[in-house]
């Protein structure tokens, strides 16, 4: 028993911290029921005279125990049905658009990982043979002479111009129940280089590959129009070409390939140098400007223009006589996942159900409806099952909108009519608020996530207005009623 009470208190505390407004209304409803049952007027005195002290104590204890039992019943109902709603939401999320790191890693292994393309590294150098003299600690012994080859890089910037063009098309990949942002690239890199030395030198061109586990197809490497791919080696995930260069020789180096990756594509000049006459054009034929998003540490493009068909965007980066360590690239937008609309609405049904429960319990108690507690439990249970039907039928009836029109709305309309007939004392306002809190509120908050607090506050104001109206109406009714008329037991 202590364990159950402790769990209920912990859940109430968690709710008060996360949603204080909802917790306030639920607490008000439970307190109203408790006080109504505890202070109800009943002429239950034994025949033959006024009730004695023992009988009065017995009556009061009985009412206290009965009020506590009803509150405990309602608290247990809240706990059980809220768990049911959460389970329905979790089951739907597990089978619709559930993104996991394990599935992402699997897609990465099969398709390819994020690509970070580095700039070409050019090392123009020559080797010099130098002699090292190592003096001995013993003065009587001669010094040791050792010859070694020293790598001497030429001072100067070999980059004259760079023209890069990348076409990136989205190609989402599905794993499990979710879609992951994949893409295919068609890359073309051009560099114009010059030997800054007026003597013959050695040259090493190192082109880093953008990802270790990626696939590269249609690979082309030319130098001054000649195919040099057979002469290149693969070292440390880079294509390396070594050759001799003439004094002040100008080289036109070109590399092209097709590849694919996930999430983002990124280009960066990692070497600290002056960037001259640099242009990078990133063609995004299926990504409009409204969905553009740049990776962390990325600079904004110099120019952003739409494609001819207005369905995509062209990003152009231009630098000249610049020092820059910022990247250039694009992050793919989040994909619409299967059942995304239904999942968004279901995420809000937990709060909506609590509001419905609080509105039913408080309103039916304030008007002294017969079987108020039982009606609250029954209609709250039916509401939870309605949300379960939304999750179950979403795949069978054309997604959220088909299920909402054919199942959810008729179901709640039937419950509202039934509520109006079983508790006519509340008038049409409780039935209307039942529809607002049970259907309109979760749909609005799910479909318009930026204004969730607005819809919650409006629902709270409507809840408070209805409770105030019913309280005033009941007070006025009791004032004009005869004192001798017995009150109905709302808990029976």
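The values are calculated or read from the model by the stated rules, or taken from the named source; none is laboratory data. Predicted model, so just to flag it, every value in this text is computed and none were measured. Backbone-built Cβ (ideal geometry, glycine too); neighbour counts: all protein chains shown.
Only a single item in (1) more than 30 Å from the chain's Cα centre (by Cα); (2) surrounded by 20 or more Cβ atoms within 10 Å (Cβ to Cβ); (3) more than 24 Å from residue 76 (Cβ to Cβ) is not met by residue 439, and it is number (1).
Would you be able to say whether some residue in the stretch 4-12 is in the same structural domain as residue 468 (by TED's automatic domain parsing), touching a helix residue (DSSP H, G or I) at 6+ places or on another chain (Cβ under 9 Å), within 30 Å of residue 457 (Cβ to Cβ) and modelled with pLDDT of 80 or more? The answer is no; no qualifying residue exists.
When you check residue 54 against the structure, is it surrounded by 14 or more Cβ atoms within 10 Å (Cβ to Cβ) and not assigned by TED's automatic domain parsing to the domain that holds residue 245, yes or no?
So residue 54 fails the test.
Condition check for residue 179 on (1) over 30 Å from residue 340 (Cβ atoms); (2) crowded, with 16+ Cβ neighbours inside 10 Å: one failure, at (1).
The strands (runs of 3 or more DSSP E) located wholly in the stretch 235-354 that include 1 or more residues which are in contact (Cβ under 8 Å) with a residue 60 or more places away in the chain, assigned by TED's automatic domain parsing to the domain that holds residue 209 and in contact with a strand residue (DSSP E or B) (Cβ under 9 Å, 6 or more places away or on another chain) occupy 238-245, 250-262, 264-268, 278-284, 327-331. If you filter the stretch 175-202 down to residues that are in a loop (DSSP other than H, G, I, E, B) and closer than 27 Å to residue 219 by Cβ, you find that the one that is farthest from the chain's Cα centre (by Cα) is 195. Condition (residue is farther than 19 Å from residue 376 by Cα, assigned by TED's automatic domain parsing to the domain that holds residue 349, part of a helix (DSSP H, G or I) and at pLDDT below 90) applied to the stretch 21-40: is it met by at least one residue? The answer is yes, given that some residue of the stretch 21-40 is farther than 19 Å from residue 376 by Cα, assigned by TED's automatic domain parsing to the domain that holds residue 349, part of a helix (DSSP H, G or I) and at pLDDT below 90.
Only one of the listed residues (466, 444, 458, 435) is in contact (Cβ under 8 Å) with a residue 40 or more places away in the chain and assigned by TED's automatic domain parsing to the domain that holds residue 386. That residue is 466. On the stretch given as the stretch 211-234, residues that are in contact (Cβ under 8 Å) with a residue 24 or more places away in the chain, more than 30 Å from residue 106 (Cα to Cα) and not in a strand (DSSP E or B) total 2. Whether any residue in the stretch 371-379 is assigned by TED's automatic domain parsing to the domain that holds residue 177, buried (at least 16 other Cβ atoms within 10 Å of the Cβ) and free of Cβ contacts under 8 Å to residues at least 60 places away in the same chain is what I want to check. No: zero hits.
Every residue, every condition in (1) in contact (Cβ under 8 Å) with a residue 60 or more places away in the chain; (2) over 20 Å from the mean Cα position of the chain (by Cα); (3) surrounded by fewer than 16 Cβ atoms within 10 Å (Cβ to Cβ), yes or no:
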site: 59; (1), (2), (3): no, yes, yes
site: 77; (1), (2), (3): yes, yes, no
site: 83; (1), (2), (3): no, yes, yes
site: 87; (1), (2), (3): no, no, yes
site: 92; (1), (2), (3): yes, no, no
site: 98; (1), (2), (3): yes, no, no
site: 102; (1), (2), (3): no, no, yes
site: 113; (1), (2), (3): yes, yes, no
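Within the stretch 285-311, being under 20 Å from residue 184 (Cα atoms) and touching a helix residue (DSSP H, G or I) at 6+ places or on another chain (Cβ under 9 Å) holds for one residue alone: 306.
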